[in-house]
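Some notes on the structure that comes next.
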Amino acid sequence: MLVKHASNPRQVRLIGPILAACLLAPAAAVAQVSLATVVDLAQRNSTAVRLAHADLMKAQAALAQTQDAYIPNFQIGSNVGYSHGFPTGQPSVGSASMQSLVFSYSQRQYVKAARAGIDAADLSLKDAREQVALDASTTYIELDTVNRELAAAQQQEAFTGDLVRIEQQREEAGVDSDLDLLQAHLTAATLKLQRLHLETRATTLSKQLAVLTGMPVGSMLPDHASIPEIPAVTAGDGVHSLPGIGSATALARSKQFQAKGDDLAWKRPSIGFGAVYNYDSNELNSYSTYYNNFTPNNVSFGLQINVPFFDFSLRAKAKETAAEALRATIEAEEAQHQNDVQIATLTGSLRELDAQAEVASLKQQISDAQLKAVLAQLESGNGAAAGPNAQPQTTPKAEQLARIDERQKYQDALDASLGLAKARLSLLRALGHMQDWLNEVHGHSAQPPADLLTR
């Protein structure tokens, strides 16, 4: 069961100074940055989040536009000009007009469609923020893990250097053959290649983190203590509301209201209101010559009732929007089906990854115990004893091999735990628990550090 924590106000206030310090610091400056800070920076910098916010603003403006159709507009103008002979237009020096919609069956549906559109845009924004948070969390945790693997690989190379030196001495003394020395060189070359691969991977992840946050490449180092334990949720815990699917459903509902409004537009009448005021002048024309009872002030107002008959254009538009509504409904259903499949796939993968992580952890513990046993034998001195059951003498070569194996098993355990962590985060997202994870991340600064490998 997930425990929700409120966001830490102190940590939120620190984001601004950290951001300013990173921007003003030299390019070579590197600082540890918490996971919560990275997530916040990524959400602020994300293009997807900014686009979703723009869509929300557009949806809010669309609602205001549909509602403002009932509010009378007001326009003023002038049409001053000289005319000779029979007047061709009204001699208005100044005019003012207003008009508005009084009643419309269609407009009521359009307002509902606009409100559903705001719901869709708001959920889409939330979905974009959660996706950015997932990408930032995954990249951050992976970079932290790779850095720890890289430190272990560098230790391995040091042990391998000692192993090669020992093999050279043993080969010169005639204890080991040339093949043993070649095998030591091969081990050194293999571990060097592994270190180079980890360095390339760390560089790539650092670049990805910089792109996500908008910070300089290599300016941030992960803080392992800021990573909370990832909850081991399952499909049996229930699926919360998913903003992505909710957005698709709200968009389909908006399209349905729009289609219903278009259908009513060619079936139901509408009523509008209009008023016009004109101040007319006879100075630049001969209007009074042709029209008696000329007055400068003229006002007209009234209601306009429109009853559609045989408007095939509106009827065709109604069919078009009905098809769009049907498509949006099917897309929302498909999004739900795809999420269900993803949950089933991740649930199956998690069982395997959990077992792999357990096996890797046990291998690491065994390798660590074996290293301790070798070191204890070397410290106590296990000279070759007589008898058929005597233990072979432990050598410095065996010590280096045990150290190399222990570091390798440690890296394997880290890699297995990383795969498990990434799968768990993806399942959190698919089950709708991403916000709970973000609450854990922001509240973790007030809690004791948790190890990523703890399960």
Practice item. Excluding Asp368 itself, calculate the net charge of residues whose Cβ lies under 11 Å from the Cβ of Asp368, where each Lys or Arg counts +1 and each Asp or Glu counts -1. Key: +3
Point to revise | Summed residue charge, Cβ within 11 Å of Ala133's Cβ, Lys/Arg positive, Asp/Glu negative | key: -1
Review point. How large is ³J(HN,Hα), in whole Hz, for each residue of the stretch 62-77 in order, when computed from phi with the Karplus curve 6.51 cos²θ - 1.76 cosθ + 1.60 and θ = phi - 60°, using x for Gly and Pro?
Key: 5, 5, 4, 5, 5, 6, 6, 5, 8, 8, x, 8, 9, 10, 10, x
Point to revise | Inter-part distance where the stretch 261-294 and the stretch 173-236 are each reduced to a Cα centre, Å | key: 79 Å
Exercise for review: Could you state the angle between the C-alpha long axis of helix 105-172 and the longest principal axis of the C-alpha atoms of the chain, as a value from 0 to 90 degrees rounded to the nearest 10?
Suggested key: 20 degrees
Exercise for review: Please tell me which of these pairs span more than 21 angstrom C-alpha to C-alpha: Lys112/Lys319; Lys255/Lys319; Lys267/Lys319; Lys192/Lys372; Lys112/Lys317?
Suggested key: Lys192/Lys372
Point to revise | Dipole axis of the chain (+1 Lys, Arg; -1 Asp, Glu on Cβ), positive-most option in Leu314, Ser124, Ala252 | key: Leu314
Review point. Which value, in debye to the nearest 20, describes the size of the charge dipole of the chain about its Cα centre when Lys and Arg Cβ atoms bear +1, Asp and Glu Cβ atoms bear -1, and nothing else is charged?
Key: 1740 debye
**Study point:** Separation between Cα centres of the stretch 316-340 and the stretch 67-106, rounded to whole Å
**Key:** 42 Å
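Readers should treat all values here as calculations from the given coordinates under stated rules, not as data from a laboratory. Values in this document were obtained by computation on a predicted structure and should not be read as measured data. Because the Cβ atoms are built from the backbone with ideal geometry, glycine has one as well, and the counts that use them run over all protein chains shown.
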